[in-house]
Number of protein chains: 2
Amino acid sequence: MQQFMNGKDTLVTEAVDGLVRASGGALARLDGYPHIKVVVRTDWDRGKVALVSGGGSGHEPAHAGFVGQGMLTAAVCGEVFASPSVDAVLAGILAVTGKAGCLLIVKNYTGDRLNFGLAAERARAFGLKVSMVIVDDDVALPDLPQARGVAGTLFVHKIAGALAEAGADLDAVTAAAQAVIQGAVSIGMSLDTCTVPGNPREDRIAAGKAELGLGIHGEAGVEQVDFAGARNAMAMVAERLAPHIGKADHVALLNNLGSTTPLEMSILAEELARSPLGGRIRWIIGPGALMTSLDMHGFSVSLLPVTGEQVQALAAPVAPPAWPGLAGFGEVALRPLPDGLTPIQPEPSAHPQRRALIARCCAALIAAEADLNTLDAKTGDGDTGSTLATAARALTGALDRLPLADPTQLYRAVGMELSQTMGGSSGVLLAIFFAAAGDASASGKNWIGALTAGLARVMQVGGASPGDRTMIDALSPALAALPQGVGAAATAARAGANATAAMTRAKAGRASYISADRLAGFNDPGAEGVARLFEDLARG
Amino acid sequence: MQQFMNGKDTLVTEAVDGLVRASGGALARLDGYPHIKVVVRTDWDRGKVALVSGGGSGHEPAHAGFVGQGMLTAAVCGEVFASPSVDAVLAGILAVTGKAGCLLIVKNYTGDRLNFGLAAERARAFGLKVSMVIVDDDVALPDLPQARGVAGTLFVHKIAGALAEAGADLDAVTAAAQAVIQGAVSIGMSLDTCTVPGNPREDRIAAGKAELGLGIHGEAGVEQVDFAGARNAMAMVAERLAPHIGKADHVALLNNLGSTTPLEMSILAEELARSPLGGRIRWIIGPGALMTSLDMHGFSVSLLPVTGEQVQALAAPVAPPAWPGLAGFGEVALRPLPDGLTPIQPEPSAHPQRRALIARCCAALIAAEADLNTLDAKTGDGDTGSTLATAARALTGALDRLPLADPTQLYRAVGMELSQTMGGSSGVLLAIFFAAAGDASASGKNWIGALTAGLARVMQVGGASPGDRTMIDALSPALAALPQGVGAAATAARAGANATAAMTRAKAGRASYISADRLAGFNDPGAEGVARLFEDLARG
C-alpha cells in the first residue's frame, strides 16, 4: 500500500483517533471500535437540536471534520466509501440527542438512506424526535431521478448548524435544511480517478481528457471531455449549472476533490468569477478541500441561491478549523505600486580624488579579467573575471553621473549601478555591500566603518563567513587592516586570498558544489580579485 | 498541461487574483503584474510592525494565504519555485511599511536571501527600519551548514504576527522571530515527487520506496528508504528529529506537502502521538496543507520548544482561513456507548387472532417462493421469493416470543425480527415499515393508519413512489382500499402488481439498472408478492 496507512482494516479507526487527538479536546469518539466509529462534540448539552451526519469515509474533512460548535453534533463514519451500520448510526443518535431532537443529514445513496433511516426508526422507538433530510445536489445525471448528494451537503451542515446552535427547534431546523436542499446544485470535474486503499488505481481517464459530472466515489462521470485548461474546464461546469439557477444572488462552494493544488484551486476561483456564472455569485466558500474523494485530482462547484438569513447562517462563526468561512466574491482589489521603485537619480557632483580612486579600482579589476577567468575555470565556470570587469567598465562609464561629493549618496549610487549592471548573486551581494555602507555612512560612520558595515550585511544576507572560500576571506582582513594604511590592507588581502587555496570544504557560494580535490591549490577567484584591487591601490 | 491551469506564464498571476477575489475584501494585490505579484492586507494601517514574507510560488497556502490580521502584512510571490525579484520585494516593503518598520521573514535559499536582502537595503535608503530573519529549520542535511527553510517558517509567521498585531516594536518582533528560528526543526518524507507545471513529472521514487529528508521543491531527499506503512514512516521521521529536541514541551506542526489525503494525515497525527516524540508534544498545528510542494504525496513534521508566551502567540486568533489554529495534543477522548443499542426484548404475550394472521401471511409468502423466484429471474437475480420466504420462516419461528397483545410493541418487534433475519435493502425497508407503523400505533393510529404511516416512511427513506416498479405499486393501493375490506385490498393489490408489467422505466430499486425490454411484460416480483399475500388473506 503506497499510502501513509498501516492497513485497510485500521485506516478509518486510526484516522478518527488522529482527528480526535488533534482536536484539543473539542472532539471525542464513542467507545465502539471497530464497528462503531462515531465522532461527537465534547461541549454538547442536548438542550439544542442535534445534527448527525456521516456516511462512508474517504470524503474528509466531511463529515467528522465538521463536528463542532455551529456545525455537526456527531458524525458516523463508515469504512472507505461504505455506509456505516444501522447500529453505528443509532449509537450516534442516542449519544447526542435530547428532548430537542435530532436531524439526520444524509447524502442520497441507498445504503446511507436505509441505514440512517432504520436507525432513525429505532431511535424514535425510544421516544426521541428524529427527522431526516436527504441531500441530492448533484445535477450531473439529468435523467436519474435520484441525484447524488455531494459537496452541497455542506450548505446543509452549515445552515442547519447555525440554526441549531442558535436554539431553533427541530421543525425549524429541518425546514431550513429542506430549503437548502431544494436550492443547492453541484457538479464535479476531474482529471483522474482516486486511489481506493487496497485497490489498484483505475486508469480510466486518458491524458488530455477530463471527466465531467463524476461522483465522489470514483464512479464514472457523465461524459469524458477534451481537457483544454482551467478556463475551458470551468466553462463546461458553468454550462451544466446554468440551467439550474435563477436570478438570485448565489453562494458558491468551490471544492477540491483531493489532490488539486491550491494554485490550481485559486485559478479555478478566478475562472469561476470570469465565467458566465460569475455575476450571480456574491459569496464564496473556499476554495478548499471540503468534500473530497480520496486523492482525486478534480474539483466541484456547488451553488445555492440565498436569502439574507441563509447568508447570516453561512457566515456565523464555527469551531471546526476545516470550515473555511464565507467571504464576499467580487472584484480583484488593486493597490497602486508604491513610489520609490524607480530610484531617484542623485544629483551628480564632483570630487576629483574620489573619482580617481573609483576609476583606478575599476581599472585594476579590468586588468585582472583574464587572470581571474583562468583561475575561475579551474574551480568554476570561468567567468568571475568577466563579471567583475563588466561591472567595472559600466561603473567607469557612469562616473559622470555619480554624486561624488556626497559619500552616503555615492555608496548608494554605486550599489544601484552594480545591481543594474552586474548579474547573478555576486552583483546582488556587491549592491548590498554598497547600499549598507551608504546607510552606515548616513548614520555617521567614516569610510572604513561604512565599508565594514557593508561587509557585515553581506555576511548576514549571503550567509558566508571568513573561511568559507569567498571574497570575504580577502575583504574582511583587508578592512580590518585598513586603519594601518592601504599597504597593510593589501598585505592582509593577499594573505587572505592565498589562504583560500587550502579551503577545500566551501560552505557557501558556488564552490560548495565543487569537490574538494578540484579546489585544492587554487585561490578563490573572488578573493583573488579583492587582493589584486588592494595591491594595485597600495602601489600608490 | 494536465493541470487546472491556463498556461505557465499566467498561472501565478491568475492564482493570486483568485485568492484575492475569494478573500472577501480582506486582501488586495499591488498593481504591478506580471513582474510584481504582491498580496497585502487591506486593513493595514502602518502603525504596527509590518511582516513581509514570500518566495517562489508552489508552496500555497504559504505565503499569500497567510496574509491577514495576526499573521503576514504582505507576501511577495515569485513564479513557481523561483524567487521574486528585488523590485517585487521592495514594492511589498514600501507598500506596507510605516514608522514602526518591517520584518522580512525569508526561507534560507540563496535567491530569496539575496533578493530580499537587497530590497531591504533599498528600503533602508528611504529611511525605513527593516530587519530580516532567515529561517533554516530543515534538519535533513546534517552536513550542510546552510539548512533549508521549510514548514517551520510558519511558526515564525504566527508568533511574529501575534506580536506585531499586539503592537510590539521591531526589535521585539525580530528577537521573537530569531528565538523561534533558533528552536524550530523540521523534516519531510514523501512517496512521490511533485509535478512542476510545464515539466514532465520526475519518476525518481520507485514503488515501495520513500524519500526521507527531501525539500519543498522536489529536490532529492537525503536518502531513499523502504516504505513500510505510516507507523514505520513516522518512526523514521521521529528518529531524525529526536537528536534536535530537548526536554521542553513542544508544539508540532504536521504539514501536508500536497496530495496526501486527510485520512492519511490523520493517521500520521495518530502515529506522531504514538511515536517516541509523542510524550514531548503538547500542542499541534494541523494536520493540514500549510507549506506544500505542489502536489507532492508527502508530509513534514516541524517541532518547536515553546515558552508560555509563545504558546499564547501561536494560539492567538488570526484572519487567514488557511491557518488551522493551535490545539492541545493529548489522549483520544472516549465516550461510552449509549444504552439502547441492544434492543430490549419485549415481553411475549398472547393474541390468538393476530398470531393466526401473521402465520397465514408468512405461509402465503412461503408458498409463493418458487413463483416469485421465477419471476425475479426474468428481471433480476432470482432471489426475491427466497428472501421473502426466509424472512417469513424466521418470523413464524419467532411467534412465541412476540408481544402479540400489544399492537405497538408487536409492529416494532416484527420490524426488529425482519431487520435481523432479512438481508439487503428490502430487509431494511420492511424493518422501517414496521417500526414506523409501531410509532404511528403508539401515537394512536388504528392498524390501517399505522400501516399507511409505515408505507409513507418507506417511501421517504427508500425514495420510491407509486409507478417506480416496486412493491409499493401493490402495497399502496391495497392499503388505500383496506377500509373497504380485505377483498377490495386484494383486488387493488392485484391491479397494482399487474400494472408494474408495463413500467419499463424503473426509477428506484434494482430494476432501475435493468434495460426496459427485459422488464416489459413481467410483474415486479415484490409487488407480485404483496398481491399474493392480500389475495390469500381475501380467500378468508
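Once the label point is set 7 Å along the Cα-to-beta-carbon vector, what list of distances in nm do you get between B:P352 and its counterparts in the other copies?
14.0
What residue in chain A has the Cβ closest to the axis turning A into B, and how close is it in whole Å?
For chain A, the closest residue to the axis carrying it onto B is A:S259, 2.
Considering the alpha-carbon set of chain A alone, what are its Rg and its Dmax in angstrom?
Looking at chain A, its Cα Rg and Dmax stand at 34.3, 105 Å.
Please list, by residue number, every one of the trypsin sites (Lys or Arg not before Pro) in the stretch B:1-78 that is coil in DSSP and has at most 16 other beta-carbon atoms within 10 Å.
On the way: sites: B:K8, B:R21, B:R29, B:K37, B:R41, B:R46, B:K48; in loops: B:K37, B:R46, B:K48.
Here the trypsin sites (Lys or Arg not before Pro) that fit, given the DSSP loop and packing criteria, are B:R46.
If the reach is capped at under 25 angstrom between alpha carbons, list the lysines near A:K247, excluding any in the same chain fewer than eight residues apart.
Straight-distance partners of A:K247: A:K158.
What's the Kirkwood radius of the protein assembly as shown in Å, using all Cα pairs? Don't skip to the answer; put the middle values down first.
On the way: mean 1/r = 0.0308 Å⁻¹.
For the protein assembly as shown, the Kirkwood estimate is 32.4 Å.
In nm, give the distance between the simple-model label positions of B:L334 and A:S349, each being 7 Å from the Cα along the Cα-to-Cβ direction.
Once both label points are built, they end up 8.1 nm from each other.
Net charge around A:A389, counting only other residues with Cβ within less than 15 Å of its Cβ (Lys, Arg = +1; Asp, Glu = -1)?
Working: positive: A:R360, A:R393, A:R532; negative: A:E369, A:D371, A:D376, A:D383, A:E417, A:E528, A:D536.
Here the charged neighbours net out to -4.
Evaluate 2.2 N^0.38 Å with N set to the residue count of the stretch B:378-530, then give the Cα radius of gyration divided by it.
Details: Rg = 15.4 Å, N = 153, 2.2 N^0.38 = 14.9 Å.
Here the answer is 1.04, to two decimals.
What's the exposure ranking of A:K129, A:K247, going from fewest to most Cβ atoms within 10 Å? If you can, show how the numbers build up before the last one.
On the way: A:K129 18, A:K247 7.
In increasing order of surrounding Cβ atoms, one gets A:K247, A:K129.
What translational diffusion coefficient, in µm²/s and rounded to a whole number, does the Stokes-Einstein relation yield for the stretch B:33-190 at 10 °C and a viscosity of 1.306 mPa s, taking the hydrodynamic radius as the Kirkwood radius over Cα pairs? Numbers along the way, then the final one.
On the way: Rh = 15.2 Å.
My calculation gives 105 µm²/s for D.
Give me the one-decimal nm value for the distance between modelled label points at A:L399 and A:Q2, 7 Å along each residue's Cα-to-Cβ direction.
The modelled label-to-label distance comes out at 6.5 nm.
Where both partners of a DSSP beta bridge lie in chain A, what percent of those bridges are antiparallel, to the nearest 5?
Working: 29 of 53 bridges.
Percentage antiparallel, nearest 5: 55.
If you add up the charges near B:G70, with Lys and Arg at +1 and Asp and Glu at -1, over every other residue whose beta carbon is less than 12 angstrom from its beta carbon, what do you get?
Details: positive: B:R41, B:K48, B:K158; negative: B:D43, B:E165.
Result for the neighbourhood of B:G70: +1.
Suppose R0 equals 35 Å. What FRET efficiency, 1/(1 + (r/R0)^6) with r the Cβ-Cβ distance, do A:A248 and B:N232 give to the nearest 0.05?
It comes out at approximately 0.10.
Within the stretch B:173-210, find all residues whose amide N lies under 13 Å from a label point positioned 7 Å from the Cα of B:A220 along Cα-to-beta-carbon.
Residues B:203-206 qualify, since their backbone N sits under 13 Å from the label point.
Do me a favour and compute the ellipsoid semi-axes for the stretch A:291-370 from its Cα gyration tensor, root of five times each eigenvalue, largest one first, whole Å.
Details: eigenvalues 819, 101, 29 Å².
Working through the eigenvalues yields semi-axes of 64, 23, 12 Å.
Express in nm, to one decimal, how much length is gained between B:R518 and B:K99 on full extension, taking 0.36 nm for each residue of separation and deducting their alpha carbon distance.
Details: separation 419, 0.36 × 419 = 150.84 nm, distance 8.14 nm.
Going from the current span to full extension adds 142.7 nm.
Label-to-label distances across copies for B:Q420, with labels 7 Å out along Cα→Cβ, in nm, shortest first?
Label point to label point, same position, other copies: 9.0 nm.
Determine which residues of the stretch A:60-99 fall in the zone a paramagnetic label at A:N199 would reach in this model, i.e. backbone nitrogen under 20 Å from the point 7 Å along Cα→Cβ.
So the set is A:60-63, A:77-85.
For every other residue with a beta carbon closer than 12 angstrom to the beta carbon of B:I205, add +1 if it is Lys or Arg and -1 if Asp or Glu, then tell me the sum. Before the final figure, lay out each step's value.
Values: positive: B:R201, B:R204, B:K209; negative: B:D192, B:E202, B:D203, B:E211, B:E223, B:D226.
Result for the neighbourhood of B:I205: -3.
For the stretch B:424-438, just list the computed ³J(HN,Hα) in residue order, Karplus coefficients 6.51, -1.76 and 1.60, θ = phi - 60°, integers in Hz, with x standing in for Gly and Pro.
3J(HN,Hα) across the stretch B:424-438, in whole Hz: x, 4, 5, x, 5, 5, 5, 5, 5, 4, 6, 5, 5, 4, x.
Whole-Hz Karplus ³J(HN,Hα) for the stretch B:371-382, in order, using 6.51 cos²θ - 1.76 cosθ + 1.60 and θ = phi - 60°, x for Gly and Pro?
So the Karplus estimates, Gly and Pro as x, are 4, 5, 4, 4, 4, 5, 5, 5, 10, x, 9, x Hz.
Give me the dipole magnitude in Debye, nearest 20, for chain A about the Cα centre, with unit charges on the beta carbon: positive for Lys and Arg, negative for Asp and Glu.
1020 debye
How far is A:D400 from the same spot in each other copy, in nm, shortest first, if each label point sits 7 Å from Cα toward Cβ?
12.0
Taking 7 Å along the Cα-to-C-beta vector as the label spot, tell me the A:R282-B:A538 distance in nanometres, rounded to one decimal.
Reported label-point gap for A:R282 and B:A538 is 5.9 nm.
Grab the beta carbon distance between B:A172 and A:T374, set R0 = 60 Å, and tell me the FRET efficiency rounded to 0.05.
Values: r = 51 Å, r/R0 = 0.85.
Efficiency at R0 = 60 Å is approximately 0.75.
Please express the Cα-Cα pair-distance distribution P(r) of the stretch A:93-167 as a list of whole percents, one per 10 Å bin, running from 0 to the bin with the greatest distance.
That works out to 19, 43, 30, 8, 0, in percent per bin.
Quick one: which of A:K445/B:K129; A:K8/A:K107; B:K8/B:K37; A:K37/A:K99 span more than 22 angstrom between C-alpha atoms? Provide the component values of the computation, followed by the final result.
Working: A:K445/B:K129 18 Å; A:K8/A:K107 24 Å; B:K8/B:K37 15 Å; A:K37/A:K99 24 Å.
The pairs that break the limit, which is 22 Å between Cα atoms, are A:K8/A:K107; A:K37/A:K99.
No lab work stands behind these numbers, since they all come straight from the coordinates. Every value quoted in this text rests on a predicted model; they were computed, and no experiment measured them. FYI the Cβ positions are ideal-geometry reconstructions off the backbone, even for glycines, and counts take in every protein chain you see.
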